[in-house]
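Okay, structure first, notes after.
The values are calculated or read from the model by the stated rules, or taken from the named source; none is laboratory data. The structure displayed is predicted, hence computed values, not measured ones. As a convention, Cβ positions derive from the backbone with ideal geometry for all residues, glycine included, and neighbour counts pool all protein chains shown.
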Amino acid sequence: MTPLHQVIVNKKTNINPVWIMRQAGRYLPEFREIRKNNPNFIELCLNYKLASKITLQPIKRFDLDAAIIFSDILMLPHGLKQKVELKKNFGPILGDLNISSMSKLDEIDFTEQIYPVYKAIRSVSSEMNKVNKNTIGFVGAPWTLLVYMINQQSPKKNIKKNFFEDEYLINRVLIIIEKFLKIHIKNQIENGANVIQIFDSWAGLLEERDYPNYIYTPTLNLVNYIKSLNVPVICFPREIKNYKEFCEIVKPDAVSIDYNVDPLMISKKNKNPYSRWFRSKNFVN
């Protein structure tokens, strides 16, 4: 069993893991060189040779126990053929949301659209297996992807005032997201990912009364699916107001906390047997 599995599955260790968010961040000159020559971020994520190389860069420099694949949570809407563009100094911009078109997509259509991601995972996992280390695949949580796909840009700038008005649209999109997230997860695992992380980057936007509909139930469905494939799962409900309740309901194998959270306080409050916490350091690309 790998060191990471010992921590998040057996939980029989005195070592608290530290999660370095975006391992291939701006602190690595070799990453900056690749990024300078590849300004289109989505195309870079879909270049499996470069994505593999970037993923392994921090492993070659530091004795880390796992590599998280160089990719993006917006591979999901890209796979659903919603236009995704990352604008410098602004963030992601998404195209119009065509529910009718998305509803007609099947697993083959989706997989073909983002197949290089899986090739990169296969390449990385073959290297990581040689040294008994993990390859972490990841997805965005349903709520966070819903925000991007309907809002069509990062809510950091602004979120549509009428975002919650069209309940039919929200429910249809959530059904589509869950269906294809499970396909995306399965494909990653089949190609060598042996841990999956779920990023709910915009969990902090919600009021607690909305957690059951938009965070707890959709995320629990994914967690149960990942566990059914015999793979451990880490959740990152960023800036959620109640980690303890999240862990009791969703039951991840481990939970990531962001740099604004005091790990001593959360360890006192959260005596939940289901989760091991990860402290993050946020190195932004």
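I want to confirm something. Restricting to the stretch 152-171 and keeping residues that are polar (S, T, N, Q) and farther than 21 Å from Y216 by Cβ, which single residue is nearest to the chain's Cα centre (by Cα)?
If we take residues in the stretch 152-171 being polar (S, T, N, Q) and farther than 21 Å from Y216 by Cβ, then S154 is nearest to the chain's Cα centre (by Cα).
Among the residues of the stretch 116-136, is any surrounded by fewer than 16 Cβ atoms within 10 Å (Cβ to Cβ), of a type in the set (G, A, S) and at positive phi? No, that holds for no residue. Across the stretch 80-120, the qualifying residues are those that are within 18 Å of S154 (Cβ to Cβ) and hydrophobic (A, V, I, L, M, F, W, C), and the one among them that is modelled with the lowest pLDDT is F90. Out of the stretch 203-241, which residues are more than 19 Å from I136 (Cα to Cα) and among the small types (G, A, S)? Residues satisfying the conditions are A203, G204. All conditions but one from (1) under 23 Å from I185 (Cα atoms); (2) crowded, with 18+ Cβ neighbours inside 10 Å apply to P58; the one that does not is (1). The stretch 194-285 holds helices (runs of 4 or more DSSP H) entirely within its bounds, and those carrying 3 or more residues that are modelled with pLDDT of 90 or more and in contact with a strand residue (DSSP E or B) (Cβ under 7 Å, 6 or more places away or on another chain) map to 217-228, 243-250.
The set of residues in the stretch 19-48 being outside any loop (DSSP other than H, G, I, E, B) and modelled with pLDDT under 75 consists of W19, I20, M21. Within the stretch 197-214, the presence of a residue that is β-branched (V, I, T) and either out of contact with any Cys (no Cβ under 8 Å at 6 or more places or on another chain) or free of Cβ contacts under 8 Å to residues at least 40 places away in the same chain (or both) is excluded.
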